[in-house]
1. What is the spread of the Cα atoms of segment 87-162 along each of their three principal axes, largest first, in whole Å?
2. Applying a 10 Å radius around every beta-carbon, put 154-166, 223-235, 107-119, 129-141 in order of their mean neighbour count, most first.
3. Could you tell me how far the Cα centroid of segment 44-100 sits from the Cα centroid of segment 103-121, in Å?
4. Estimate the FRET efficiency between Arg127 and Asp236 by the formula 1/(1 + (r/R0)^6), using the beta-carbon distance for r and 45 Å for R0, to the nearest 0.05.
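Each value in this text was obtained by applying a stated rule to the coordinates, not by laboratory testing. All of these numbers come straight from a predicted model, not from anything done at the bench. Every residue, glycine as well, gets a Cβ built from its backbone with ideal geometry; the counts of neighbours run over all protein chains shown.
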Amino acid sequence: MSEYDKVRPGKLVLKGEKHKAKKRKHKSKRVDAAPRVDPDCLVHGNWWKVTKVEEITGPVAIEFGKHTYVKALDNGLFTLGAPHDEGDGPSPEEILTAVLIDERKVAFKSGYGKYLRVEKNGVVTGRSDAIGVMEQWEPVFQEGKMALQSYTEGFMSIQDDDDAVVAVDKKAGADHMLYIRSQTVKDVNPLKDVPVEEQGDLEQVEINYVKKFQKFQDKRLRISKEDTSNLKKAKDDGTFHEALLDRRSKMKADRYCK
């Protein structure tokens, strides 16, 4: 023990104070508490397949075949990179930055800071400094498969003779099927944008709002006994909150009701 440890003061102990033994917290052994494992994601270095347009944002890689990705060259062209081993993700020059434009279109920027577009000869290049109509791509999803369509309506593919990336064919076939992989953390909560009061079925939502606005001090819930079918219709018509307020007013269970 060093001299510093000998003179270092411990915790201040007051006279008559009893020491309480720390209780060890046991980790949950429940099987359902374990996170789900995506085998496909693991063999691709934790890069997962996107399945909808809104997931195409941030760092992404475009995969053709198995473990081969579109690779940016320093001359502004693109080619198909060498195959990767299982468990490895894409190389830095194979990582693009996706920009979500709207609910249908995206744009891609290479590691050289240039946006992808299609030239008149159908070759895909990365030489644009900004996003215009020609830099926009439309992901097409169908039956678990995916293709990328350019503004010229040509689908992205790999040219057989030199592995160049092109977008020529107006119809998508097997050669145009690809995966876009992302490393962005998925938001696993599908209700993140839904108010807490509106999470659950119609009956639960009504209870949530009664709890929020009730005026009774005894905290007893006054729930309308009327059929909830009108609530479903009101939700479809966009008058859901008005219908809830009307039901609460009949029960005189809302602080904002007269």
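1. So the three principal-axis extents are 35, 33, 31 Å.
2. Descending packing order for the listed peptides: 107-119, 154-166, 129-141, 223-235.
3. Computed from Cα coordinates, the inter-centre distance equals 14 Å.
4. 0.40
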